[in-house]
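Structure first, then comments.
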Amino acid sequence: MLTRYDKILLFFLISLAIFSFVVVIQVGKLSGEGRQVVIVSNGEEVVCCDLSVNRKVEVQGFYGKSVVEIREGKVKMVSSVCPNKICVKQGWIEKPNQIIVCAPNRVLVKITGSQNEEFLDVVSR
């Protein structure tokens, strides 16, 4: 049987959990601002756009066209003329300094962001 104080404590803990969830979601949305997609073809930057804009971009590579899709703060290579389609199979990327490379077609897709968003992936000695 729950006492009055148990009910107050339970209400407080549930309220705190809901508030924390909302704060985490809002902070996640704010951290995505300022990120950009840079698409490089044959060593030259051909597209640089905001990650928040939904669009498909066709890029002329060495052998043919590659299609890059930008949607909901994420990027992926939709199609490419390369034989193994490793760049297409890589899927969505969304964090700064993540890249998709289509080596045969010489197309690179990279997400850039502010300095405080960059993270250390690996440290070796």
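The values are calculated or read from the model by the stated rules, or taken from the named source; none is laboratory data. The shown structure was predicted, so the numbers you read here are calculated from the model rather than taken from an experiment. Note that we place each Cβ from the backbone using ideal geometry, even for glycine, and neighbour counts take in every protein chain shown. Keep in mind that these areas ignore ligands, DNA and RNA; they rest on the heavy atoms of the full protein, side chains included. Shrake-Rupley method; radii C 1.70, N 1.55, O 1.52, S 1.80 Å.
Kindly indicate whether Tyr63 is in a helix (DSSP H, G or I), open to solvent by 70 Å² or more (accessible area, probe 1.4 Å) and of a type in the set (Ser, Thr, Tyr). Talk me through it step by step, then tell me what you get.
Details: in a helix (DSSP H, G or I): no; open to solvent by 70 Å² or more (accessible area, probe 1.4 Å): yes; of a type in the set (Ser, Thr, Tyr): yes.
When the stated conditions are applied, Tyr63 does not pass them.
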message: For segment 74-91: of the residues being open to solvent by 10 Å² or more (accessible area, probe 1.4 Å) and not in a loop (DSSP other than H, G, I, E, B), which is farthest from Glu44 (Cα to Cα)?
response: Lys89
In segment 54-75, the residues that are under 16 Å from Trp92 (Cβ atoms) and of a type in the set (A, V, I, L, M, F, W, C): Val57, Val67, Val68, Ile70, Val75
- line: Over segment 1-23, the set of residues in a helix (DSSP H, G or I) and open to solvent by less than 100 Å² (accessible area, probe 1.4 Å) is Asp6, Ile8, Leu9, Leu10, Leu13, Ile14, Ser15, Leu16, Ala17, Ser20, Val22, Val23
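Considering each of Glu94, Glu69, Glu58 in turn, give the residue that is open to solvent by 70 Å² or more (accessible area, probe 1.4 Å), modelled with pLDDT of 90 or more and touching a strand residue (DSSP E or B) at 6+ places or on another chain (Cβ under 6 Å).
Values: Glu94 fails: modelled with pLDDT of 90 or more; Glu69 fails: open to solvent by 70 Å² or more (accessible area, probe 1.4 Å).
Only one candidate passes the filter, namely Glu58.
Search segment 45-55 for residues being open to solvent by 20 Å² or more (accessible area, probe 1.4 Å) and not in a strand (DSSP E or B), and hand back the single one that is nearest to Thr112 (Cα to Cα). Explain how you work it out, then say what you get.
Of segment 45-55, the ones open to solvent by 20 Å² or more (accessible area, probe 1.4 Å) are 45-48, 50, 52-55.
Checking which are not in a strand (DSSP E or B) leaves us with 52-54.
Numbers: Ser52: 13, Val53: 15, Asn54: 17 Å.
Checking each candidate, the answer is Ser52.
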query: Which residues, taken from segment 97-116, are open to solvent by less than 40 Å² (accessible area, probe 1.4 Å), closer than 16 Å to Val47 by Cβ and in a loop (DSSP other than H, G, I, E, B)?
result: Asn105
